[in-house]
Amino acid sequence: MTANGHITLVTGGARSGKSALAERLVARHDLPRIYIATAQAGDDEMGRRIEQHQQRRGAGWTTIEEPFDLAGALTRTDGQGVRLVDCLTLWLSNCFGSADIGAVCTTLRQQCCPVILVTNELGLGIVPGNELAREFRDQHGWMNQAVAGIADQVWMSVSGQPLKLKPSREEDALF
């Protein structure tokens with residue numbers, strides 16, 4: 001648990017409703033809304049996806065496009081409002097091989113304002129057929145565990161339905 005800003009992690013599969021859930025969680029805060037976008041529009045289809053996210057969010061958001069320096073973006077925006085990072089999976093992919101997950105976790109622990117992070121749950125599918133894909137899946141799983149470990153809340157979206165994973169009533173009994 002953090003001593004300063006509140007950290008929330010939202011995970012789920014593709015098209016599970018995780019970004020929409022994260023946006024609803026942001027709306028619970030009476031603070032300015034900052035969207036830290038890690039996606040890059042490398043093709044027309046990805047550009048359309050980004051546009052759909054922007055339209056769904058609507059007005060009232062400040063958008064920071066930062067595909068690489070996530071820790072820096074969090075530091076620069078702390079104290080300015082609640083931040084939504086969408087998403088950790090794309091950030092890891094952008095930085096694969098050079099992503100400093102430890103620096104992001106350290107930065108998250110130091111935040112004064114809330115941060116809600118979106119990530120994918122990749123480990124529920126089949127084992128990838130090549131070494132690079134397996135390495136990415138493994139790094140991604142370790143990243144999710146590290147962020148979930150320091151998060152105050154962890155949610156999972158399944159078929160558009162939110163499941164609160166942390167804190168749970170059972171958590172104290174298990175640990």
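The values are calculated or read from the model by the stated rules, or taken from the named source; none is laboratory data. This structure is a prediction, so every number in the text was calculated from the model and none was measured. Note that we place each Cβ from the backbone using ideal geometry, even for glycine, and neighbour counts take in every protein chain shown.
A few points about this structure:
- All conditions but one from (1) at pLDDT 95 or above; (2) buried (at least 18 other Cβ atoms within 10 Å of the Cβ); (3) within 15 Å of the chain's Cα centre (by Cα) apply to T77; the one that does not is (3).
- Any chance D152 is closer than 12 Å to T8 by Cβ and surrounded by fewer than 19 Cβ atoms within 10 Å (Cβ to Cβ): yes
- Subset of segment 22-43 (residues that are among the charged types (D, E, K, R) and part of a loop (DSSP other than H, G, I, E, B)): R28, D30, D43
- Residue ranges of helices (runs of 4 or more DSSP H) in segment 44-147 with at least 2 members farther than 22 Å from V26 by Cα and free of Cβ contacts under 8 Å to residues at least 12 places away in the same chain: 44-57
- Qualifying residue in segment 133-143 (condition: aliphatic (A, V, I, L, M) and touching an Asp or Glu at 6+ places or on another chain (Cβ under 8 Å)): no
- Residue list for segment 148-164, filter: in contact (Cβ under 8 Å) with a residue 40 or more places away in the chain and assigned to a strand (DSSP E or B): Q153, V154, W155, M156, S157, V158, Q161, P162
- Filter result for the condition that a residue is more than 22 Å from L9 (Cβ to Cβ) and modelled with pLDDT of 95 or more, over E66, E131: E131
- Taking the criterion of being small (G, A, S), in contact with a helix residue (DSSP H, G or I) (Cβ under 6 Å, 6 or more places away or on another chain) and within 27 Å of G79 (Cβ to Cβ), the only residue of segment 22-53 that qualifies is A39.
- Flag if D86 is more than 17 Å from A146 (Cβ to Cβ) and in contact with a helix residue (DSSP H, G or I) (Cβ under 9 Å, 6 or more places away or on another chain): yes
- Qualifying positions in segment 1-48 - among the aliphatic types (A, V, I, L, M), more than 18 Å from Q153 (Cα to Cα) and out of contact with any Asp or Glu (no Cβ under 8 Å at 6 or more places or on another chain): A14, L31, I34, A41, M46
Here is a yes/no grid of residues against (1) buried (at least 19 other Cβ atoms within 10 Å of the Cβ); (2) of a type in the set (K, R); (3) under 17 Å from the mean Cα position of the chain (by Cα):
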{"site": "A59", "(1), (2), (3)": "no, no, no"}
{"site": "P67", "(1), (2), (3)": "no, no, yes"}
{"site": "N120", "(1), (2), (3)": "yes, no, yes"}
{"site": "N130", "(1), (2), (3)": "no, no, no"}
{"site": "M143", "(1), (2), (3)": "yes, no, yes"}
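- Qualifying residue in segment 4-21 (condition: surrounded by fewer than 19 Cβ atoms within 10 Å (Cβ to Cβ), in a helix (DSSP H, G or I) and in contact with a helix residue (DSSP H, G or I) (Cβ under 8 Å, 6 or more places away or on another chain)): yes
- Exactly one residue out of T8, T77 is within 20 Å of I150 (Cα to Cα), hydroxyl-bearing (S, T, Y) and out of contact with any Phe, Trp or Tyr (no Cβ under 9 Å at 6 or more places or on another chain): that is T77.
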